[in-house]
Amino acid sequence: MNGAETLVGTLLKGNVNVCFTNPGTSEMHFVAALDNYKKMRSILCLFEGCATGAADGYFRMKRTPASTLLHLGPGLANGLSNLHNAKKANSGIVNIVGEHALDHIKLNAPLTSDIEGIASPVSSWVKTSKSSKEIGLDAAEAIKVANKKPGEIATLILPGDTAWNEGSEIEEVILQNNSKKVPIDLIEKAIAEIQKANNPLLLVGGSALEENNLIKIALIAEKLGCELKTDWFNARLDKGAGRINSIRIPYVVDKAVEALKNFDTIITIGARQPVAFFAYPNKPGILTQDKTNFLELAGLSDDITSLINEFSDLANVTSNNPKTISEFNPPETPQGPINTTSLGMALGSLIPENAIIVDESVTTGREFFYQTSGSHPHTWLNNCGGSIGFGMPVAIGAAIACPNQKVISLEGDGSAMYTVQSLWTMARENLDIVILIFANQSYKILQGELKNVGVTNPGKSAIEMLSLKNPELDWVSISKGMGIDAVKVDNMEDLVKYFKHGIEENGPFLIEVII
């Protein structure tokens, strides 16, 4: 057994049985080892950002890490954007990066780079395995790190000779629960702060947004007379009929400041103090008032479920029926022209039960979240890191993790071009994904951002930098060229017709929506 075989065997022993790959020469022994381990599902991605994003989506839905396989420093660099997004979403990933054989590094060959330095900003743990005899132990440690609550990225660097030399035994992986229990006196303090406040707020995120936890938190908020909100961007939120109708802090700075201005006390559970996504001239970066009192009741690594149960008991919650539960009340199926309102209505009326929505609709979909509150119960995944090209790779991972749930990928046309190779992997794996491409033929969000930074009268050069015309993207041709059937629609009747078709059929299907 060589080092690569030890590595794959240890991954499987640690319940890491999916690998999103884009390998090169240094990783060939890992590729060859897959023939000896049929339980490892290896999925080829044609761009490293697709592999890292897929690993993010897999963890969000499965709650256990997948692995990646990337080629040296440049391959890792290609995957950094979606590793950044995954880190911000607190997704656990075993990120495996090939390296030159140890003796070859000193020759400064063309692909030689500082892989540890590249990996560090997006990883919680980075290690280069220096011996094939140590690879089993190193792999076990990487798996343990990736499984730490709420989820961490462990980057294991595999030199070529570590892979091809004689390995060690496959290591046992013993996971430890690192969740910390929140002290009772801190919960009592939070209750006291809420009771003495004039306008308190519970701000929640992370595992507090899971269906049962959020219902209990809503009951606590009602009992204590305070409001309940979430951040605009959440890694995962269960919503729809029978679930809490969550109110998000608005994305736009002015609206966010207005929404938060009257809260004098904010208790956070798995959330952080609200800040603006970007800095703007003459606008605040901190969205709350200077006088607002904050108390962090629980961080993401705390045992949030136990906290919520104890919080409920101490608050003397007796009701089981929160007022903020959404009833099944989908919008009417729209007709006529396509606009952001009619799109949200179509989505809200047609979402199937237990669907997974991956939202990178950007400006087109800012109201979709609320227009789907009365739809069938579903799960909503947001981009937590802001790096573009998140949606379709995350949809791949979600579909692999949950093959019996329909995945709907909401994509801006500009964003989709960053990781367009995702379509090929969807086709190859026959993943059950409906992709809606909102084709406004521009970087629409940046047109608004020009105004936000004070450019009120942009010239021809600035406007052209934000346009996707000349030539126009042809998403039907792009999709079919990648192996996925596709249609183009410019009215709601056709959109509804083909959206229903995509939902009813198994496998990937793309709809280019002309806006």
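Each value in this text was obtained by applying a stated rule to the coordinates, not by laboratory testing. In this text, all values refer to a predicted model and were calculated from it rather than measured experimentally. Virtual Cβ from ideal backbone geometry, glycine too; neighbours counted across all protein chains shown.
Quick one: if you stick a label point 7 Å off each Cα along the C-beta vector at Glu169 and Lys261, how many nm between them?
Going by the 7 Å Cα→Cβ label model, 6.8 nm.
Run through segment 307-406 and list the trypsin sites (Lys or Arg not before Pro) located in a DSSP loop whose Cβ has at most 12 other Cβ atoms within 10 Å.
Details: sites: Lys323, Arg366, Lys406; in loops: Lys323, Arg366, Lys406.
Answer by residue number: Lys323.
Suppose we look only past 24 Å in the calculated P(r) of segment 194-306. What percent of the Cα-Cα pairs does that tail hold?
It works out to 22 percent of all Cα pairs.
Find out how many positive minus negative residues lie around Gly53, taking Lys and Arg as positive, Asp and Glu as negative, among other residues whose Cβ is under 13 Å from that of Gly53.
-1
List the trypsin sites (Lys or Arg not before Pro) within segment 430-515 that fall in a DSSP loop (any state other than H, G, I, E or B) and whose Cβ has at most 14 other Cβ atoms within 10 Å. Can you show the working numbers first?
On the way: sites: Lys444, Lys451, Lys460, Lys469, Lys480, Lys488, Lys497, Lys500; in loops: Lys469.
Counting only loop positions with at most 14 other Cβ atoms within 10 Å, the trypsin sites (Lys or Arg not before Pro) in segment 430-515 are Lys469.
For Asn354 and Asn177, FRET efficiency with R0 = 25 Å and r from the beta-carbon atoms, rounded to 0.05?
0.30
Just to be sure I understand the model, the point goes 7 Å from the Cα along the line to the Cβ. What's the resulting Lys130 to Tyr370 distance in nm?
The two pseudo-label positions are separated by 5.8 nm.
As an exercise, find the ratio Rg/Rh for the chain from alpha-carbon atoms, using the Kirkwood inverse-distance average for Rh.
0.98
State the answer as a single residue: which of Leu295, Ser387, His29 lies farthest towards the positive end of the charge dipole of the chain, with beta carbon charges of +1 for Lys and Arg and -1 for Asp and Glu, about the Cα centre.
Leu295
Which trypsin sites (Lys or Arg not before Pro) in segment 138-194 pass both tests, a DSSP loop state and at most 12 other beta-carbon atoms within 10 Å? Provide the component values of the computation, followed by the final result.
Details: sites: Lys144, Lys148, Lys180, Lys181, Lys189; in loops: Lys148, Lys181.
Qualifying residues, ordered by number: Lys181.
Would any residue of segment 221-240 have its amide N under 20 Å from a label point 7 Å out along Cα→Cβ of Thr318? List them or say none.
From segment 221-240, the list is 221-226.
Which distance in nm do the two modelled labels at Lys196 and Ser120 give, with both placed 7 Å along the Cα-to-Cβ direction?
That separation, rounded to one decimal, is 4.4 nm.
Can you compute the FRET efficiency between Lys38 and Leu102 using 1/(1 + (r/R0)^6), with r the Cβ-Cβ distance and R0 = 35 Å? Round to the nearest 0.05.
That gives a FRET efficiency of 0.70.
Could you line up Glu411, Glu193 from fewest to most neighbouring Cβ atoms inside 10 Å? Intermediate values should be presented prior to the final figure.
Details: Glu411 31, Glu193 19.
Result, fewest neighbours first: Glu193, Glu411.
Compare the Cα positions of Asn457, Val489, Asn198 along the charge dipole of the chain (+1 at Cβ of Lys, Arg; -1 at Cβ of Asp, Glu; about the Cα centre) and return the one farthest towards the positive end.
The one lying farthest along the dipole's positive direction is Asn198.
If the rule is a partner Cβ under 4.7 Å, which cysteines in the chain fail it?
Cys19, Cys226, Cys384, Cys402 - these cysteines have no disulfide-compatible partner (Cβ-Cβ under 4.7 Å) in the chain.
Which entries of Lys216/Lys291; Lys189/Lys229; Lys87/Lys469; Lys255/Lys460; Lys239/Lys323; Lys181/Lys323 show an alpha-carbon separation above 22 angstrom in the structure shown?
With Cα atoms farther than 22 Å apart: Lys216/Lys291; Lys87/Lys469; Lys255/Lys460; Lys181/Lys323.
Among Lys62/Lys149; Lys39/Lys406; Lys13/Lys148, which pairs are too far apart, with a Cα-Cα distance over 21 Å? Can you show the working numbers first?
Working: Lys62/Lys149 14 Å; Lys39/Lys406 24 Å; Lys13/Lys148 17 Å.
The pairs that break the limit, which is 21 Å between Cα atoms, are Lys39/Lys406.
Taking R0 as 35 Å, what FRET efficiency do you get between Ile286 and Leu446 from their Cβ-Cβ distance, rounded to the nearest 0.05?
In this case the efficiency is close to 0.90.
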